[in-house]
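Accompanying notes for the structure given below.
The values are calculated or read from the model by the stated rules, or taken from the named source; none is laboratory data. Keep in mind that this is a model prediction, so the values were computed, not measured. With ideal geometry, Cβ positions are generated from the backbone for all residues, glycine too; neighbour counts draw on all protein chains shown. We work out accessible area using only protein heavy atoms, side chains counted, and drop any ligands, DNA or RNA first. Shrake-Rupley method; radii C 1.70, N 1.55, O 1.52, S 1.80 Å.
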Amino acid sequence: MNLDQQLWQAWKSMDVPEGFRAEIIEGTITLSPTGGVRHFSVNRRLGRALYAHLSGTGYGPAQDGNVIADLKVFIPDVFVAPDDVDEIEHPEGVGVLASGVSMVVETVSPGAEARKRDHVLKRRAYAAAGIPVYVIIDDHDDGGAVTILTSPDRERRAYASSTRIPYGKEAVIPEGPAKGFVIGPEITGERRG
């Protein structure tokens, strides 16, 4: 059994403490705490607005579910998937396949580890998984910014396009089922600090 398979088996058998999430990112099982009130509030506003935007499209938002690519596991704060998740259910029933997810969103928690996880590790992981749109909402990026990444290059584990929009302005999703969706002050609040 190789390392990826060992990590997969260990992850499946874990008893994750309440208030934490377990992901497999870059050859490591990572435990991270769930977010605080600000984190939760941004994600809730985002989920509600996405639900309204996607109504009738056959897609919808989901929160804190397992997104699986090969033997890697990610738990985005919010993601967009088909309403009929049976189409993209993982064969073992432990989550959905990354290949069916059109957009993931991470809201960055305070601290250097959280920033590294969302801006570096998950950026590479989501690109390698081929997820078309990755959005980072970051209160801690110079007063707050939304970064929209598109055009994943799976081999390079990188996104070819990156657009950073400061809080207070409108960040618009450029493609996929959520195309035209606006992440603005109604979701993020105004510039911080």
Solvent-accessible heavy-atom area per residue, rounded to whole Å², over segment 67-161 at 1.4 Å: 39 Å²
Only residues of segment 141-182 count here: report those whose backbone N is under 16 Å from the spot 7 Å along Cα→Cβ of Asp70, or say none. 153-158
Mean separation of Cα contacts under 8 Å, 6 or more apart, over the residue count of segment 48-147: relative contact order %: 21 percent
In degrees rounded to 10, the 0-90 angle between helix 3-13 Cα long axis and the longest Cα principal axis of the chain is 80 degrees
Please sort 30-36, 139-145 by packing, taking for each peptide the average over its residues of neighbouring beta carbons within 10 angstrom, highest first. 139-145, 30-36
Quick check: residue separation of Asp142 and Asp83 times 0.36 nm, minus the Cα distance between them. What number comes out in nm? 17.6 nm
Ignoring any ligand, DNA or RNA, what whole percent of the accessible area of segment 108-193 comes from carbon and sulfur when the probe is 1.4 angstrom? 46 percent
Where the Cα atoms of the chain are projected onto their three principal axes, how long is each span, largest first, in whole Å? 50, 37, 34
Cα-centre dipole for segment 1-76 with unit charges at Cβ (Lys and Arg positive, Asp and Glu negative), debye to 20: 460 debye
Using 7 Å Cα-to-Cβ label points, what is the Arg48/Val182 separation (nm, one decimal)? 1.7 nm
Net length gained if the chain between Asn2 and Glu155 were fully extended (0.36 nm per residue, minus Cα distance): 53.0 nm
Between 0 and 90 degrees, rounded to the nearest ten: what's the tilt of helix 37-54 against the longest Cα principal axis of the chain? 80 degrees
Looking at segment 32-151 only, what percent of DSSP beta bridges run antiparallel? Nearest 5 please. 70 percent
Residue-level accessible surface for Glu92, protein heavy atoms, 1.4 Å, Å²: 100 Å²
Report the net charge of residues surrounding Tyr167, where surrounding means a beta-carbon distance below 15 angstrom and charges are Lys +1, Arg +1, Asp -1, Glu -1. -1
Just by accessible area at a 1.4 angstrom probe, what is the order of Met14, Met103 from largest to smallest? Met14, Met103
